[in-house]
């Protein structure tokens, strides 16, 4: 099956994330390169990066995902904040290059009542100033649609990806899709539309989250796997889709490490059952 892991903290050292992966039966993970609610970033010593790369190789922990800070807004109504977002994303690009990581998930932004069209143009303008010349893959995340948030409509995602000068990709989030009005019990229909607008090869990361909030609620409230209003069956249909083979699955459910281990083992068990019944 696809690699599967969860969001982990790197505050105690990059090598610690590998130890945590082994404890919870994960073979990938996601992390923040800086304070997710701010802009500060820890300077990582070269030795720590070297140890991390060595352990990754030994234990085959790959397809690791970096997630940009929530506070970065490429379509802010303040120019200084737009410029800050561009600077921080470029810093993150250099950081993940040093870590030999290519996947970088980014929330597209909030247009702050400036209008959808203007917001989308600002996002594209900002992204065009990002250096991805070393193969970094910026993955625009599908969003739930709260407030003036952009990216809850697939056509908005497609507009950004298809009009930017740099190559862009997509991270689909099951909770966000459900909340924005995508029926996951007919997920193949969504993939058909995605394929027409962008091509399924553009999907590089899957965030697997159940939802506390109802369908079309436009609220970003994650729930534990199979315990929310999406339910286990529809979540499994997404993450086991033959059309999404090879994409890392990242759990962002409200859990501690013990909870993540239970979810990962449960998903692996369901996959094994599926394979036996084929």
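Structural remarks
- Of all residues in the stretch 115-125, one or more are outside any helix (DSSP H, G or I) and either at pLDDT below 95 or out of contact with any strand residue (DSSP E or B) (no Cβ under 9 Å at 6 or more places or on another chain) (or both).
- Subset of the stretch 45-63 (residues that are touching a helix residue (DSSP H, G or I) at 6+ places or on another chain (Cβ under 7 Å) and either farther than 18 Å from residue 251 by Cβ or not in a loop (DSSP other than H, G, I, E, B) (or both)): 48, 49, 51, 52, 55, 56, 59
- Selection count where residues are surrounded by fewer than 17 Cβ atoms within 10 Å (Cβ to Cβ), within 17 Å of the chain's Cα centre (by Cα) and not in a loop (DSSP other than H, G, I, E, B), scope the stretch 1-28: 0
- Residues of the stretch 82-124 that are free of Cβ contacts under 8 Å to residues at least 40 places away in the same chain, crowded, with 19+ Cβ neighbours inside 10 Å and more than 30 Å from residue 49 (Cα to Cα): 111 alone.
- Scanning the stretch 29-42 for residues that are in contact (Cβ under 8 Å) with a residue 40 or more places away in the chain and surrounded by fewer than 22 Cβ atoms within 10 Å (Cβ to Cβ) gives 34, 39, 41.
- Annotation note: of 20, 15, the sole residue that is touching a helix residue (DSSP H, G or I) at 6+ places or on another chain (Cβ under 7 Å) and modelled with pLDDT under 95 is 15.
- Among the candidates 112, 155, 103, the residue that is modelled with pLDDT of 95 or more and over 26 Å from residue 29 (Cα atoms) is uniquely 155.
- Identity of the residue in the stretch 228-261, surrounded by fewer than 15 Cβ atoms within 10 Å (Cβ to Cβ) and more than 20 Å from the chain's Cα centre (by Cα), that ends up farthest from residue 212 (Cα to Cα): 258
The values are calculated or read from the model by the stated rules, or taken from the named source; none is laboratory data. Small disclaimer: the values here were computed from a predicted structure and weren't measured. A quick note on method: Cβ atoms are made from the backbone with ideal geometry, for glycine too, and the neighbour counts reach across all protein chains shown.
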